[in-house]
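The values are calculated or read from the model by the stated rules, or taken from the named source; none is laboratory data. Since the structure is predicted, the reported quantities are computational estimates derived from the model, not experimental observations. Glycine also receives a Cβ, built like all others from the backbone with ideal geometry; neighbour counts cover every protein chain displayed.
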Ligand code: ATP
Ligand code: LTN
């Protein structure tokens, strides 16, 4: 069975964007692939984290991923990235195969540098090398992500091709797995920006732990466009188009079906229906996640077991890399 790998940063409670763009496909792919998934806590420290909040958040994100329906019977593994040392060891090695110019072209680095202008640390710059290590360590063929991560997966391929060109076919070349719909869910208060879990304004996103009332309130407050027609047009009607994407995915309908369903109806009716559909999609995950969060001892036990498995899975590739390069064998 082929392997897929993906990760999410514990920089906030995962949003509906994280779910529709990524997590949902982690679950789908975990049925066909050996799914290896991680809480990218090492990536998260590229921006400052308060230790108490950080520890709580890693657990909450772990709980949400556990609750989302990953196929553990099919061998899926979920672990905090910092607990498997092979990720950071391979990062150093791969940094010697990654060019300064390549990292300078990464749009996420440029965006995050603008947002964190008082802390443009080198981790923010070398972030994609750690991500490449995450993926390449497990020989992942598919990487389910939102469209913002496509460039990083492409860089991962370039790094792997460069390494393989010198040492032979050590790494599997990964492909990004990006959904046709939902690959970039937009901010509810500003539909020109991506929905992000670290957004300071909670009205811009729906958190996966928001209750029904909060979800409906946020959908009703979502910024929409002039005109009153529920019609898909990303350029002229970005707010309504975003809500239509959200509704279609949560209700299991095509955009055309959604357009037909709400033809002649006003924005208010549509927004309430969006909120209800989102709640129906998220409620089972939220309830299950809250159970995990309410039982930290059980959660820690799961985390430790899964970390042990991931450590075993990661070891052979690191060994193979070091052998191929001529490091003294252990
Ligand atoms: P941050 O606020 O820290 O930048 P984020 O919400 O952008 O976080 P990440 O942890 O960086 O989330 O991303 C986890 C996964 O969710 C990635 O695969 C990413 O592509 C996907 N993703 C993030 N935001 C969206 C979105 N708005 N729409 C679709 N997919 C998304
Ligand atoms: N950088 C990713 C999170 C991430 C990831 C990965 C995604 C870390 N390592 C490996 C896919 C594969 C992000 O979403 N910001």
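Of the residues in the range 234-253, how many are surrounded by fewer than 20 Cβ atoms within 10 Å (Cβ to Cβ) and touching a helix residue (DSSP H, G or I) at 6+ places or on another chain (Cβ under 6 Å)?
Within the range 234-253, residues that are surrounded by fewer than 20 Cβ atoms within 10 Å (Cβ to Cβ) and touching a helix residue (DSSP H, G or I) at 6+ places or on another chain (Cβ under 6 Å) number 2.
Condition (residue is modelled with pLDDT of 95 or more, surrounded by fewer than 16 Cβ atoms within 10 Å (Cβ to Cβ) and more than 15 Å from ligand 2 (Cβ to nearest atom)) applied to the range 57-64: is it met by at least one residue?
no
Output yes when any residue across the range 233-245 is farther than 18 Å from residue 68 by Cα, under 25 Å from the mean Cα position of the chain (by Cα) and within 16 Å of ligand 2 (Cβ to nearest atom), and no when none is.
no
Can you give me the number of residues within the range 184-223 that are over 21 Å from residue 22 (Cα atoms) and under 19 Å from the mean Cα position of the chain (by Cα)?
Qualifying residue count for the region: 1.
Name the single residue, out of those in the range 128-150 being outside any helix (DSSP H, G or I) and closer than 21 Å to residue 17 by Cα, that is farthest from ligand 2 (Cβ to nearest atom).
Top of the filtered list is 142.
Report yes if some residue within the range 15-29 is touching a helix residue (DSSP H, G or I) at 6+ places or on another chain (Cβ under 9 Å) and part of a loop (DSSP other than H, G, I, E, B); otherwise report no.
no
Go through (1) surrounded by fewer than 20 Cβ atoms within 10 Å (Cβ to Cβ); (2) more than 14 Å from ligand 2 (Cβ to nearest atom) and name the single condition residue 47 misses.
Evaluating residue 47 over (1) surrounded by fewer than 20 Cβ atoms within 10 Å (Cβ to Cβ); (2) more than 14 Å from ligand 2 (Cβ to nearest atom) leaves (2) as the failure.
Buried (at least 24 other Cβ atoms within 10 Å of the Cβ), closer than 26 Å to residue 312 by Cα, under 16 Å from the mean Cα position of the chain (by Cα) and more than 14 Å from ligand 1 (Cβ to nearest atom): is that true of residue 37 in this structure?
no
Do you know which residues across the range 118-133 are in contact (Cβ under 8 Å) with a residue 60 or more places away in the chain and in contact with a helix residue (DSSP H, G or I) (Cβ under 7 Å, 6 or more places away or on another chain)?
Result: 124, 127, 130, 131.
Just to be sure before I move on: is residue 12 within 13 Å of ligand 2 (Cβ to nearest atom) and either over 22 Å from residue 215 (Cα atoms) or part of a helix (DSSP H, G or I) (or both) in the structure I sent?
No.
Looking at residue 93, is it farther than 17 Å from residue 292 by Cα, modelled with pLDDT of 95 or more, surrounded by fewer than 21 Cβ atoms within 10 Å (Cβ to Cβ) and in contact with a helix residue (DSSP H, G or I) (Cβ under 8 Å, 6 or more places away or on another chain)?
yes
Quick one: in the range 164-182, of everything that is within 11 Å of ligand 1 (Cβ to nearest atom) and farther than 23 Å from residue 102 by Cβ, which residue is surrounded by the fewest Cβ atoms within 10 Å (Cβ to Cβ)?
Out of the qualifying residues, it is 181.
From the list 153, 161, which one is assigned to a helix (DSSP H, G or I), surrounded by fewer than 16 Cβ atoms within 10 Å (Cβ to Cβ) and modelled with pLDDT of 95 or more? I'd like the intermediate steps shown before the answer.
Working: 153 fails: surrounded by fewer than 16 Cβ atoms within 10 Å (Cβ to Cβ).
Checking each option against the conditions leaves just 161.
Hey, among the residues in the range 105-123 that are part of a helix (DSSP H, G or I) and closer than 28 Å to residue 3 by Cβ, which one's nearest to ligand 2 (Cβ to nearest atom)?
This residue is 108.
Being in contact (Cβ under 8 Å) with a residue 40 or more places away in the chain and more than 16 Å from ligand 2 (Cβ to nearest atom): is that true of residue 210 here? Lay out the reasoning, then the answer.
Working: in contact (Cβ under 8 Å) with a residue 40 or more places away in the chain: yes; more than 16 Å from ligand 2 (Cβ to nearest atom): yes.
In short, yes.
Tell me the residue from 102, 89 that is assigned to a helix (DSSP H, G or I) and within 24 Å of residue 3 (Cα to Cα), please.
None of the others qualify; the one that does is 89.
Sort out which residues of the range 162-186 are more than 16 Å from ligand 2 (Cβ to nearest atom) and in contact with a strand residue (DSSP E or B) (Cβ under 8 Å, 6 or more places away or on another chain), and write them in order of number.
Within the range 162-186, just 186 meets the criteria.
From the list 235, 197, which residue is touching a strand residue (DSSP E or B) at 6+ places or on another chain (Cβ under 7 Å) and assigned to a loop (DSSP other than H, G, I, E, B)? Quick ask: steps written out before the conclusion?
On the way: 235 fails: touching a strand residue (DSSP E or B) at 6+ places or on another chain (Cβ under 7 Å).
Checking each option against the conditions leaves just 197.
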